[in-house]
Structure formats: structure tokens, C-alpha cells
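S.K.: Shown below is the structure under consideration.
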Amino acid sequence: MTLKLPRSYKLLLSLALVIGPITWLMFTEDGKRRSDLFLLHILGNPSFNIAYDKLSPAVTEAVIRAQFPKVDFQCQAVETPIGDRLCAAKIASFNGLPARSTQLYFAGEQLRMLQLGFRRVYHEMLERSLREGLGKPLEESTARQPVLVWTTDLGGQVMLPADRPEAREDAALIWLARPD
């Protein structure tokens, strides 16, 4: 006994196999994120998957370089109120979200601040992941806009704008060491 599928059924099945994945990649939040990640990694920038809850002032530049050997950090001595050394790098993603850059500020050997520049369209997704991982934030006001603040167990705070930033340069997640 041979089973023969009607020609129209084969055509519909073939169209579904082609159109389904394209539709998912172009019209769903997860598909767009994965497409962006793929393209950003093709362009050559590395991932920077950092555990915010593991950051502390005890983290040094050597530890960061050992854990992220593919990230090309450019470091220089810069006097700021936060520290005396700045290391910056272009990145494709952090923790599975498309990103632009990272900057780390050190005071002596201690990490004082980490800034991650992300792509504004992923603000809500980033906020959801922070709420899932770090719990409910406090909302504080600044001169420019409200900020969500999570306190970590190892001596730091994670900060994210409460609303999607208007300007590209304002789309940043910040980890800041608590003052001694």
C-alpha cells in the first residue's frame, strides 16, 4: 500500500516550513533578539556574560581578563570620582541580550563600577530578567528620570532606568560598589 499526499498538502507543508521560522525570527521578541545576537557575533564582537550578584569590590582587572579572554579591554589611567583606572570594550551581548559596550572602573585593584551599554529595544526584556534574578527593585528618582535599584549580597547595587531611555547613550545598566 502506498500513501500519496495531495499536491496542495505538500505545497502548504513546504510553505509552512519556510515561512514559519522566518515569521518567528522577524515578528517575535525572542526571534528578533536571537537574530540580533547572531548578526552581532558575526560582526566579531564577543559576549560578556557577567553575574551581577557575584560582583564585589574584591573583583580585580586580572580576574575579569581571566574570565573573559575574548573581550578586548582597552585600559587607561583616568582620574574620576569613582576610580583611577578605566577599562572599556565593545561587546556583542551580555547575558543573552544584544549590547554595545562595557566600561569597568577600578580604584586601585578594586572594581568600583561596571557599566553595560545595551540596545534600547531590549529594555523591558532586561528589566524582566533582573526582576527574575535579583527580585523586586526599589525605585529611586534622579534629576533626569526614575531608576530601579537592586541591592546584591556581595556589596553592590544594580541600577537600570525605570523607563526605556530616550537617548542611546542613556541605555545602560550600572553595577556600583557600595561605599566603604
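S.K.: Which pairs turn up if I take residues in region 49-60 that are farther than 11 Å from L111 by Cβ and touching a residue at least 60 places away in the same chain (Cβ under 8 Å) and look for partners that are open to solvent by less than 20 Å² (accessible area, probe 1.4 Å) and part of a helix (DSSP H, G or I) with beta carbon separation below 8 Å, at least 6 apart in sequence or on another chain?
M.R.: Y52/L130
S.K.: Assess whether A171 counts as being buried (at least 20 other Cβ atoms within 10 Å of the Cβ) and modelled with pLDDT under 90.
M.R.: Values: buried (at least 20 other Cβ atoms within 10 Å of the Cβ): yes; modelled with pLDDT under 90: yes.
Against the criterion (buried (at least 20 other Cβ atoms within 10 Å of the Cβ) and modelled with pLDDT under 90), A171 qualifies.
S.K.: Quick check on region 91-104. Is at least one of its residues farther than 30 Å from I42 by Cα and either surrounded by fewer than 18 Cβ atoms within 10 Å (Cβ to Cβ) or at pLDDT below 90 (or both)?
M.R.: Of all residues in region 91-104, those farther than 30 Å from I42 by Cα come to none.
No, that holds for no residue.
S.K.: Return the residue satisfying two criteria in turn: it lies in region 105-116 and is open to solvent by less than 30 Å² (accessible area, probe 1.4 Å) and in contact with a Lys or Arg (Cβ under 9 Å, 6 or more places away or on another chain), and of such residues it is nearest to K32 (Cα to Cα).
M.R.: In the first step, residues of region 105-116 are kept if they are open to solvent by less than 30 Å² (accessible area, probe 1.4 Å); the result is 106, 111, 113-114, 116.
Filter once more, keeping what is in contact with a Lys or Arg (Cβ under 9 Å, 6 or more places away or on another chain): 106, 116.
Working: F106: 35, L116: 20 Å.
Once the filter is applied, the top-ranked residue is L116.
S.K.: Sticking with this structure for a sec: Among Q67, Q76, which is touching a Cys at 6+ places or on another chain (Cβ under 9 Å), open to solvent by 80 Å² or more (accessible area, probe 1.4 Å) and either free of Cβ contacts under 8 Å to residues at least 12 places away in the same chain or not aliphatic (A, V, I, L, M) (or both)?
M.R.: Working: Q67 fails: touching a Cys at 6+ places or on another chain (Cβ under 9 Å).
Sole residue among the options that is touching a Cys at 6+ places or on another chain (Cβ under 9 Å), open to solvent by 80 Å² or more (accessible area, probe 1.4 Å) and either free of Cβ contacts under 8 Å to residues at least 12 places away in the same chain or not aliphatic (A, V, I, L, M) (or both): Q76.
S.K.: Using the structure shown, decide if T152 is out of contact with any Leu (no Cβ under 8 Å at 6 or more places or on another chain) and either free of Cβ contacts under 8 Å to residues at least 24 places away in the same chain or not aromatic (F, W, Y) (or both).
M.R.: Working: out of contact with any Leu (no Cβ under 8 Å at 6 or more places or on another chain): no; either free of Cβ contacts under 8 Å to residues at least 24 places away in the same chain or not aromatic (F, W, Y) (or both): yes.
It is false that T152 is out of contact with any Leu (no Cβ under 8 Å at 6 or more places or on another chain) and either free of Cβ contacts under 8 Å to residues at least 24 places away in the same chain or not aromatic (F, W, Y) (or both).
S.K.: Looking only at region 127-168, count every residue that is polar (S, T, N, Q) and either in contact with a Cys (Cβ under 9 Å, 6 or more places away or on another chain) or modelled with pLDDT under 85 (or both) and tell me the total. Break it down stepwise before answering.
M.R.: Step one: filter region 127-168 for residues polar (S, T, N, Q), giving 129, 141-142, 145, 151-152, 157.
So of that shortlist, the ones also either in contact with a Cys (Cβ under 9 Å, 6 or more places away or on another chain) or modelled with pLDDT under 85 (or both) come out as 141-142, 145.
Matching residues across region 127-168 total 3.
S.K.: Which pairs have Cβ atoms under 9 Å, sit 6 or more apart or on different chains, and link a residue in region 1-27 that is over 18 Å from F38 (Cβ atoms) to one that is at pLDDT 80 or above?
M.R.: Pairs that qualify, where the first residue is over 18 Å from F38 (Cβ atoms) and the partner is at pLDDT 80 or above, are L5/L13.
S.K.: Could you please let me know if P161 is surrounded by 19 or more Cβ atoms within 10 Å (Cβ to Cβ) and more than 14 Å from the chain's Cα centre (by Cα)? Explain how you work it out, then say what you get.
M.R.: Values: surrounded by 19 or more Cβ atoms within 10 Å (Cβ to Cβ): yes; more than 14 Å from the chain's Cα centre (by Cα): no.
Criteria not met by P161.
Yes or no, residue by residue, for (1) in contact with a strand residue (DSSP E or B) (Cβ under 9 Å, 6 or more places away or on another chain); (2) at positive phi; (3) open to solvent by less than 20 Å² (accessible area, probe 1.4 Å):
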{"residue": "F118", "(1), (2), (3)": "yes, no, yes"}
{"residue": "H123", "(1), (2), (3)": "yes, no, yes"}
{"residue": "S129", "(1), (2), (3)": "yes, no, no"}
{"residue": "L134", "(1), (2), (3)": "yes, no, no"}
{"residue": "L148", "(1), (2), (3)": "yes, no, yes"}
{"residue": "T151", "(1), (2), (3)": "yes, no, no"}
{"residue": "G155", "(1), (2), (3)": "yes, yes, yes"}
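S.K.: Scan region 42-54 and give yes if some residue there is modelled with pLDDT under 80 and open to solvent by less than 40 Å² (accessible area, probe 1.4 Å), otherwise no. Spell out how you get there, then give the answer.
M.R.: From region 42-54, those modelled with pLDDT under 80 are 42-44; that's our starting set.
Filter again for open to solvent by less than 40 Å² (accessible area, probe 1.4 Å), leaving none.
Looking for residues that are modelled with pLDDT under 80 and open to solvent by less than 40 Å² (accessible area, probe 1.4 Å), one finds none in region 42-54, hence no.
S.K.: Moving on. Taking region 67-91 only, how many residues are more than 20 Å from the chain's Cα centre (by Cα) and under 23 Å from D153 (Cβ atoms)?
M.R.: The first filter runs over region 67-91 and keeps only residues more than 20 Å from the chain's Cα centre (by Cα), leaving 75-85.
This time we only want the ones that are under 23 Å from D153 (Cβ atoms), so: 82-83.
Selection size over region 67-91: 2.
The values are calculated or read from the model by the stated rules, or taken from the named source; none is laboratory data. A quick note: this is a predicted structure, and the numbers were derived from the prediction, not measured. So basically every Cβ, Gly included, is an ideal-geometry build from the backbone, and we count neighbours across all protein chains shown. Each accessible area value is taken on the protein alone, full model and side chains, heavy atoms only, with ligands, DNA and RNA left out. Shrake-Rupley method; radii C 1.70, N 1.55, O 1.52, S 1.80 Å.
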